[in-house]
Amino acid sequence: MNNKMKKGSLGGILALVAFTLFVALLLMVLLTGADVVKRLTDRDRENYDRMTATQYIATRVHQSDVDGMLSVGTFGENSAIIITEEIEGSLYNTLVYCHNGYLREMFCAADAELSPTFGEEIVPMESFVAEDMGDHIRVTVSDGKREDTLYFSLRSRKEAN
């Protein structure tokens, strides 16, 4: 009888060790999978932010491609796309620029002197440089990890010539 108890105890201990090993391996797989999901989610969010920024800028430029309405300048110390429109006899500007880590937009009276911090945050963005190249505009944006350069051929400037 003593021999049977030893075999039963040994079998129970082996079963417990096997179960513990199984649970430990299962936790390792789950934690590894969670890390992979987190990295994929972060990468997708960064791609979404970058694509949203470039599509947003492209849409604003294409919508504003009217003679005299679209220009490149500065707002504070920031490079900006300036969209000017006349509403009921008054001039207003829509400014697209980067400030404090965000691509921003601000709509204001053309003669208003406002701080760049007042602009509406669109998406996270480290840098934004807009350059007037004559018949096209070059915009370079960076999220700190990747830089994209966009070229916009302006129909309004070609038609004016």
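Things to note:
- Sequence-ordered 3J(HN,Hα) estimates for region 88-94 from the Karplus curve with 6.51, -1.76 and 1.60 and θ = phi - 60° stand at 6, x, 10, 8, 10, 10, 10 Hz, glycine and proline given as x.
- Note: relative contact order over region 1-92, using C-alpha pairs below 8 Å and six or more positions apart, is 11 percent.
- Legend: Rg and Dmax of the chain, from Cα coordinates, 29.2, 107 Å.
- Inter-label distance, TYR56 to VAL17: 6.0 nm, where each label sits 7 Å from its Cα along the C-beta direction.
- Projecting the Cα atoms of SER71, ILE83, THR140 onto the dipole axis of the chain, where Lys and Arg carry +1 and Asp and Glu carry -1 at the beta carbon, places THR140 farthest toward the positive end.
- Those GluC sites (Glu not before Pro) in region 1-105 that DSSP places in a loop and that have at most 16 other beta carbons within 10 Å: GLU77, GLU88
- Rounded to whole numbers, the Karplus 3J(HN,Hα) couplings from phi for region 103-111 are 6, 10, 9, 9, 10, 7, 4, 4, 9 Hz, using 6.51 cos²θ - 1.76 cosθ + 1.60 with θ = phi - 60°, and x at Gly and Pro.
- Converting phi to 3J(HN,Hα) with the Karplus coefficients 6.51, -1.76 and 1.60 and the offset θ = phi - 60°, region 140-153 yields 10, 10, 9, 9, x, 10, 9, 10, 10, 10, 10, 10, 10, 7 Hz in sequence order, with x at every glycine or proline.
- Legend: calculated FRET efficiency, LEU10 to VAL36, from the Cβ-Cβ distance at R0 = 30 Å, rounded to 0.05, equals 0.15.
- Exposed-loop-free span, longest in the chain, where trypsin sites (Lys or Arg not before Pro) count as exposed if DSSP calls them loop and at most 15 other C-beta atoms lie within 10 Å: 1-144
- Gain in span if fully extended, LEU150 to MET28, counting 0.36 nm per residue against the direct Cα distance: 39.5 nm
- The H on the amide N of TYR102, modeled in the peptide plane, is under 5 Å from the matching H of MET125, each at least 5 residues off or on a different chain.
- Sites ARG45 and THR74 - FRET efficiency at Förster radius 22 Å, r taken between beta-carbons, to 0.05: 0.15
- Prolate/oblate/rounded label for region 83-161 (Cα gyration tensor, a/c 1.5): oblate
- Net charge dipole, the chain: roughly 2060 debye, given to the nearest 20, about the Cα centre with Cβ charges of +1 for Lys and Arg and -1 for Asp and Glu.
- Based on C-alpha pairs under 8 angstrom that are at least 6 apart in sequence, region 46-160 has a relative contact order of 21 percent.
Readers should treat all values here as calculations from the given coordinates under stated rules, not as data from a laboratory. What you see is a predicted model; the values in this text were computed from it and never measured. We place every Cβ from the backbone using ideal geometry, glycine too, and count neighbours over all the protein chains shown.
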